[in-house]
1. Nearest 500 deg cm²/dmol is fine: what mean residue ellipticity at 222 nm does the chain get from its DSSP H runs of n ≥ 4 alone, each adding -39,500 (n - 2.57), divided by its residue count?
2. What trypsin sites (Lys or Arg not before Pro) does the stretch 1-101 have in DSSP loop regions with at most 16 other beta carbons within 10 Å?
3. Give, in whole angstrom and from largest to smallest, the semi-axes √(5λ) of the equivalent ellipsoid of the chain, with λ running over the eigenvalues of the Cα gyration tensor.
4. Pull up all non-local amide H partners of residue 37: gap of 5 or more, or a different chain, and H-to-H distance under 5 Å with H placed in the peptide plane.
5. In debye to the nearest 20, how big a dipole does the chain give about its Cα centre with +1 on each Lys and Arg Cβ and -1 on each Asp and Glu Cβ?
6. For the stretch 295-310, in order, what is each residue's ³J(HN,Hα) by Karplus, 6.51 cos²θ - 1.76 cosθ + 1.60 with θ = phi - 60°, in whole Hz (x at glycine and Pro)?
7. Around residue 10, which amide H atoms from residues at least 5 apart in sequence, or from another chain, sit under 5 Å from its own amide H, with H modelled in the peptide plane?
8. Suppose every Lys and Arg Cβ carries +1 and every Asp and Glu Cβ carries -1, with no other charges. What dipole size does the stretch 20-243 come out with about its Cα centre, to the nearest 20 debye?
Amino acid sequence: MKNEPQPRMVYVAQPSLPPLEDFMPYLEKIWSSRILTNNGPFHQQLERALCEYLGVAHISLFANCTIGLVTALQALRITGEVITTPYSFVATAHSLLWNGIKPVFVDVDPDTLNLDPDKIEAAITPQTTAIMPVHCYGHPCDVKRIEQIADNYGLKVIYDAAHAFGVRCDDASVLQYGDLSVLSFHATKVFTTFEGGAIISPDAKTKKRIDHLKNFGFVDEVTVVAPGINGKMSEVNAAMGLLQLKHIDAALEKRRVIDTMYREGLASVKGVRCVNDAGESRANHAYFPIMVEHPNYPMSRDQLYQVLKERGIYARRYFYPLISDFPMYKGLPSAARDNLPVAARASSQVLCLPIYAELDLDVVERTIQLIRHPW
Ligand SMILES: *Cc1c(COP(=O)(O)O)cnc(C)c1O
């Protein structure tokens, strides 16, 4: 038959939504109570449920991760310079600029693509007050070494944990490391509230301060203790989180199956390397990044990206361009290419393949075959 219908474009991430009718009872409660936001019942319930699910003691929900990062820096009164990674989503460094802080970019480790602990100390100056690493693709940073460096130099550590929902490290949540960790619940992330995020605090006092900061600095009706922001999560988003939480384990299991399929299917392809260890039980399979190593592989990453796109598979070049190449950063001395050779190479080779709970396994197989035989 001619004029076969084009298969629908497959995206790299797609939120898994429970049946709409399952959401209705939550909406009915919101409609009848008229409590739409400001630490309502669903908000409180989701904070408790996430503490339990993630294995952390104190969590503050946010409207999104970016406001969470900005607030985390405010809460710890971070100033001057902060050491961070160029190999991330722009929001990581933007949160520093929004606080008038100078980002200092340090190169990443070639295996994990996380901040390279061996290179952190050389970037510390008298102005340095903190380190902001990212658990890239949900792979835990070298949390112990980062902690040691931070302790030696009297620095704070704020983890951008946007990719690290549910990730564990040494049998505990990776979110317990550092002074604060910030999650994202954006629509493209493993766990979503449409838009949303959260800060994990080590103690009740810190959580309280963060809760004030996300609510304009209000402590009670007449007391404002800080120039806070509006970072609150609404009841509709919190309700979505409670519903998502019921399905999260099943969704993670489906991601694991897809991860294994890709890994096995691509293992023998010359010039294609799957990033990070196989079969980690602690992983959340948030992304499936491969490195396309031309000329060992017969075409460049960008050519493969095009080939897949023309066949309806929209893989993404996360993270390209590097944060340090965007105009507001590239004038910084630490943004120079020769300071960041590993990140620059990764950025030119990486391709994140589609992975999400509802992804058809036939599409995974087709993607593997296309990568094996790109022409
Ligand atoms: C998605 C993402 C963010 C931003 O999260 P929002 O909830 O969209 O604000 C920040 N950092 C990283 C590494 C991300 O992937």
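The values are calculated or read from the model by the stated rules, or taken from the named source; none is laboratory data. As the structure is a prediction and not an experimental result, all values here were calculated from the model. Note: ideal-geometry Cβ built from the backbone for every residue, glycine included; neighbour counts use all protein chains shown. Surface areas here come from the heavy atoms of the whole protein model, side chains and all, with no ligands, DNA or RNA. Shrake-Rupley method; radii C 1.70, N 1.55, O 1.52, S 1.80 Å.
1. The helix-only estimate for the chain comes to -11000 deg cm²/dmol at 222 nm.
2. Those satisfying the criteria are 2, 8, 34, 77.
3. Equivalent-ellipsoid dimensions as semi-axes: 34, 28, 17 Å.
4. 235
5. The dipole of the chain has a size of about 620 debye.
6. The phi angles translate into x, 4, 8, x, 9, 6, 4, 5, 5, 5, 4, 5, 4, 5, 4, 5 Hz.
7. Under 5 Å from the amide H of residue 10: 313, 314.
8. That gives a dipole near 620 debye.
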